[in-house]
Amino acid sequence: MFVAWRDMRFARGRFTLMTLVVVLLMLLVGLISGLTEGLARSSTSAVTGLPVDHLTLAAPSDGEDAAFERSMLSREQAHEWSRATGVERAAPFGVGTARAELDGHAARISVFGVAASGEPGGSLIPGGQPVARGAAVLSTGAAEELDAGPGDVLTLPGHSLRVRAVAGTDSYSHAPVVWLALPDWRELAGGAQGAGYATALALDTTADADLAATDARLGTTTIARDDARHAVSSFDAENSSLQAMRGLLLAISALVTGAFFAVWTIQRSTDIAVLKALGAATGYLVRDALAQACAVLVAGIAAGSALAVATGAAVSGVVPFALDAGTLLAPATAMLVLGLLGASLAVRRVTAIDPLTALGSAR
Amino acid sequence: MTLSLHDVTLTYPDGDSRLTALDNVSLDVPAGSVTGVVGPSGSGKSSLLAVAATLITPDSGEVTVDGTATSGMDRAARAALRRRDLGIVFQQPNLLPSLTAVEQLEVMARISGRRRPSDRSRAERLLAAVGLADQAHRKPQQLSGGQRQRVAIARALLNDPAVLLVDEPTSALDRDRGAAIVDLLVTLTRQRSTATVLVTHDHEYLSEVDHIVEMIDGRLGTRQPIG
C-alpha cells in the first residue's frame, strides 16, 4: 500500500467524500436491517421463541402455504401426534387476537392459549410460568401498554382474567402476547373461528420421528420452529419488501464504489503508466488499487455500522428495531464484498494502460 | 556490450500501409559510456528508446540488455527486466504527485518486491548525489523543473540498472540547468558504469558524451567520435 496510502492522503478530499458516501449507505443498510429484524421479532417472536423444535399446523389447501391464521387442529389430531414415534411432547396451543382493557387503558393484543397447569403438554410460557383458567400471563409489552401488573384484572371480550405474572417480551403479528389457558382461549376464539381444539402443536422430537409420514396420515403439516415465521400472515410480504430495499442499497453501494474507482483510475492513468514503464508488475498495481478500495470500504462500513447501532439505540423504544452483531455482520460483509467486486471491475482498467504512454506524458 | 540492438526494425500501421520507424538499426552501448542520439523530430529517436526500454516489441531484430535477449519475453518478463536492469528518465520528470522526493525513489524498491530497512538511507544518498539532500521531503509541486528532473534521474538509478535510457531530459530546462543535468548524467554514468543512451535534439550538450549517433528517417547515420 506504499503508493495507495500516500495517494489517499494526497487526495484526501475525494477519499473523504467517498468514505462518507459508504458511511451513509451502510447507515441506511444498518437501519433497514435493524428495522427488518425488529419487525420480524415483533411479528413472530412468540412462535419462533417457543421452547420446542417443530410446529404442526393444519395442512393447507392446494396452492396455499401453511398459516397460523388458517390452521385449526382437532383433539384427535393432537392426541395422535402425542402418540407418534419420536415425539416426546406435542403441546397444543391457540393463537388469536383481541382487544384488552384495563382501568381505561386499551390495547390490541395477541392471545396465546396454552395448556393449563396440570394438563398434558407442559408450559410454553417464557420461564415455564404456569397459567390456570381465569388467569393470564402478560408479556412486558402487554403489561406496559395496559399499565398492568400481577393481581390486576384484565378485560377481554366476554372474559375477565386476573394477571398472574409478567414474563418475556414475546409478540405476534405486531401485538404483545397475553398467555392464557387453552380452554379460555377456545371460548374467546369460538365466536370467530368456530369450535376447535387448538391452532397448532408445539413438538419436541427425536431423530427417529417420521414427521412427513405422520403429517400425511393426520392431514397436518409440520415445520421447523425457525421456519415458523413464514406461517405468520404478512411476515413474508413485510420482510421481502425490506429485504428488497436492502438488496438495492447493497447494489447501489457496489455501483457507487465501482464508479468512484473507475474515475479515480482514469485520473491516475498517467501515474500508472509511469509505474508500469519503471517496471511495476500489473498485479502490484491492481493490489495497490484494491487496497485503497478496501480501506475506504472498511472505514466507511465500520463508521456506518457504529452510527446505525447508535441510531438504533436511540429509536429502539419508538419503533421496532433490533440490531446486534449477528444482524449487522451479514449486510456489512455483503457491502464489503460487493464494493470490492465493483472496485475490481473498475480497476481492471489498470491492466489495459500502456506503459508506452509514459514516454509522451507530461507530469 | 551492456546494451545491444541488432538489426532492429519497427513499423507502425499507417492507414492501409505501414510506417517504418526503425529500419535495421544496430547499436552497441558499452558499460560506463554515454551514447548521444540526435536527430530531427520524427526521425525515430523516441522509437529507438521505446524499443531499448522493452516498451515496444520490434517487428524483427534483437535487443539485448546486460546479456539478456529480450525477444520472446512476455509482458511480465519485460516488466521484471525493466525493474532489474533498466533505468528510464522521461522527457518530463513524470514524478508521482503524492510522493515526496525520497519516496519517489523508495517506490522503486517497493515495485521490485524487496523492502529493506536500508531503502530510505539509500534513497537519501542518491538524492544527495544529485544535489537534493535538503529537498528529500518535498513533493514535486514544491520543486523546480531542474530539481524534478534530478529526482527522476536518481529514481532511475535506485535499482543499480545496467542500462540508463534518458529521453530529452533538458527539453523543459533553460541552458544552464540543461547543461547541469547532462553533466550529472555523464558523471553518474562513469561512477556507476551504466550504459547510458541520451536522446536529445540539443547538440550543445553533447561535448561530454562518448559517442553520438544520428537518426534520420529511422536509420542510424554516421557516428561522430567526440574529441
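Taken together, the values in this text are just the output of simple stated rules run on the coordinates, not laboratory data. None of the values given here were measured: they were computed from a predicted structure. Here Cβ is always computed from backbone atoms with ideal geometry, including for glycine, and neighbour counts include all displayed protein chains.
List the relative contact order of region A:277-363 as a percent without decimals, with contacts defined as Cα pairs under 8 Å and 6+ residues apart.
The normalised contact order for region A:277-363 reaches 50 percent.
Relative contact order (percent) for region B:3-223, with alpha-carbon contacts under 8 angstrom and 6 or more residues of separation?
32 percent.
Quantify how strongly other chains surround peptide B:94-104 by giving the mean number of their Cβ atoms within 10 Å of each of its Cβ atoms.
Partner-chain Cβ atoms within 10 Å, mean over residues of B:94-104: 5.
When A:19, A:155 are ordered from fewest to most other Cβ atoms inside 10 Å of their Cβ, what list results?
A:155, A:19
What is the antiparallel percent of DSSP beta bridges lying wholly in the protein assembly as shown, to the nearest 5?
65
Can you give me the distance in nm between label points at residue B:77 and residue A:59, each placed 7 Å from the Cα along the Cα-to-Cβ direction?
7.2
Suppose each label sits 7 Å from its Cα in the direction of the beta carbon; what would the residue A:69-residue B:59 distance come out to in nanometres?
7.9
Would you please classify the overall shape of region A:162-273 from the alpha carbon gyration tensor, given that a ≥ b ≥ c denote the square roots of the eigenvalues, rounded means a/c under 1.5, and beyond that prolate means a/b larger than b/c while oblate covers the rest?
Judged from the Cα gyration tensor, region A:162-273 comes out prolate (a/c at least 1.5, a/b above b/c).
Among A:79, B:211, what is the fewest-to-most ranking by other Cβ atoms within 10 Å?
By the 10 Å Cβ count, ascending, the order reads A:79, B:211.
Name the long-range amide H neighbours of residue B:36: under 5 Å, sequence gap of 5 or more, or other chain; modelled H, no Pro or chain starts.
B:198, B:210, B:211, B:212, B:213
Using a cut-off of under 13 Å, list every residue of region B:92-108 whose amide N is near the label point 7 Å from the Cα of residue B:137 along the Cα-to-beta-carbon line.
From region B:92-108, the list is B:100-103.
When a footprinting reagent is the concern and you count Cβ atoms within 10 Å, what order do A:266, A:32, A:301 take, fewest first?
Ordered from fewest to most neighbouring Cβ atoms within 10 Å, A:266, A:32, A:301 come out as A:266, A:32, A:301.
Mind running the shape call on region A:1-131? Use the C-alpha gyration tensor, a ≥ b ≥ c as the square roots of the eigenvalues: rounded below 1.5 for a/c, prolate if a/b tops b/c, oblate otherwise.
Taking the square roots of the gyration eigenvalues as a ≥ b ≥ c, region A:1-131 is prolate.
With label points built 7 Å along Cα→Cβ from the Cα atoms of residue B:41 and residue B:118, find their separation and express it in nm.
Each label point lies 7 Å from its Cα, and together they span 4.6 nm.
Just from the alpha-carbon atoms, what are the Rg and Dmax of region A:212-363 in angstroms?
23.6, 83
Which percent, nearest 5, of DSSP beta bridges in region B:3-223 are antiparallel?
Taking every DSSP beta bridge with both residues in region B:3-223, the antiparallel ones total about 50 percent.
If you place +1 on the Cβ of every Lys and Arg, -1 on the Cβ of every Asp and Glu, and leave all else neutral, what size is the dipole of region B:3-223 about its Cα centre, to the nearest 20 Debye?
Around 1180 debye, computed over region B:3-223.
Helix-derived [θ] at 222 nm for the protein assembly as shown: sum -39500 (n - 2.57) over DSSP H runs of at least 4, divide by residue count, nearest 500?
-14500 deg cm²/dmol
Take the alpha carbon gyration tensor of region B:34-122, find the square roots of its eigenvalues, order them as a ≥ b ≥ c, and report rounded if a/c is under 1.5; if not, report prolate when a/b exceeds b/c, else oblate.
Oblate, since a/c reaches 1.5 and b/c is not below a/b.
Could you pull the Rg and Dmax for region B:3-223, using just the Cα atoms, both in Å?
17.2, 55
Over the whole of A:278-288, what's the average partner chain Cβ count within 10 Å per residue? Rounded to a whole number, please.
Partner-chain Cβ atoms within 10 Å, mean over residues of A:278-288: 6.
Using only the alpha carbon atoms of the protein assembly as shown, find the Kirkwood hydrodynamic radius as the inverse mean reciprocal pair distance, in angstroms to one decimal.
30.1
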